[in-house]
Amino acid sequence: MKLVAFFLLMLSCFSANAEHLLNEFYKQQLDADAANKQAIADLLKRADQVVTGGSNSADAWLVVGVIRAAYAKQLGVSGLSELKQARDALNKSISIDPSWQDGYAKAFLARLYATVPGWPISFGNKKRASGMMKEVLSANPTSLAANLYEGQRLLEAGEIEMARKRLSVVADATLPCDCAAWSDALREQARRALVTLD
């Protein structure tokens, strides 16, 4: 019985640590001076350690996927293999718990499909991105991440009024976790996008 209790405690520590890393990552995003390649590489190393340390949870794989995608962006064209690894980590998160954080992993993966180059360079696919966003929003209409990323996708597609509607939902939304910086960073992205509409 003690062994089971210890195991459950360790799993909860891994999950809290993973969520904490993502909150730390988004805190850096709010502070542009801290969001450099080395800081992201350090966070990615810590996120990878959570997964290699035994955590096979939706949040641990989400953290690896999000931070690895940011690291790939810092690397530019040489980061294409990192992007594919980010996609794989997000798919693992989705396979474990597609509803975690209101479908965050699927919404983020859809955002990647909408923004990365398409075949033969990478895996980008705008049609797939749109379908995935619809799935997340159907299951979680008030999802902070899905409304933000769908709003950004619609804005890029020139669908201004629909983009405004989605981005406006984000203004009052929060993530279902103790992660203020993460929520704040996403709301700030929505605010910046809305400013471009005025």
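The values are calculated or read from the model by the stated rules, or taken from the named source; none is laboratory data. Predicted model only: the values in this text are computed from it and were never measured. Positions of Cβ are backbone-derived with ideal geometry, glycine not excepted, and every protein chain shown enters the neighbour counts. Surface areas here come from the heavy atoms of the whole protein model, side chains and all, with no ligands, DNA or RNA. Shrake-Rupley method; radii C 1.70, N 1.55, O 1.52, S 1.80 Å.
Against the definition (in a helix (DSSP H, G or I), modelled with pLDDT of 85 or more, open to solvent by 60 Å² or more (accessible area, probe 1.4 Å) and polar (S, T, N, Q)), how does SER93 come out, yes or no? Answer is no for this residue. Within region 134-155, residues that are more than 13 Å from ALA173 (Cβ to Cβ) and of a type in the set (Gly, Ala, Ser) have Cβ atoms under 8 Å from residues that are modelled with pLDDT under 95 and open to solvent by less than 30 Å² (accessible area, probe 1.4 Å) in these pairs: ALA139/GLY103, counting only partners at least 6 apart in sequence or on another chain.
Would you say GLY76 is on the phi > 0 side of the Ramachandran plot, surrounded by fewer than 22 Cβ atoms within 10 Å (Cβ to Cβ) and at pLDDT below 95? Even if it seems obvious, please write down each step before you answer.
On the way: on the phi > 0 side of the Ramachandran plot: yes; surrounded by fewer than 22 Cβ atoms within 10 Å (Cβ to Cβ): yes; at pLDDT below 95: yes.
Yes.
If you check VAL66 against the conditions, is it more than 18 Å from GLY79 (Cα to Cα), surrounded by 21 or more Cβ atoms within 10 Å (Cβ to Cβ) and at pLDDT 80 or above? Walk me through it before giving the result.
Working: more than 18 Å from GLY79 (Cα to Cα): no; surrounded by 21 or more Cβ atoms within 10 Å (Cβ to Cβ): yes; at pLDDT 80 or above: yes.
Taking the combined requirement at face value, the residue does not satisfy it.
Only helices (runs of 4 or more DSSP H) whose full extent lies in region 101-198 are considered here, and the ones with at least 1 residues that are at pLDDT below 95 and farther than 20 Å from LEU62 by Cα are 126-139, 144-156, 160-170, 180-197. Just one residue in the set GLN38, GLN29 is under 27 Å from ARG187 (Cβ atoms) and under 15 Å from the mean Cα position of the chain (by Cα); that residue is GLN29.
Restricting attention to region 139-172, the residues that are buried (at least 18 other Cβ atoms within 10 Å of the Cβ) and farther than 12 Å from ALA107 by Cβ add up to 5.
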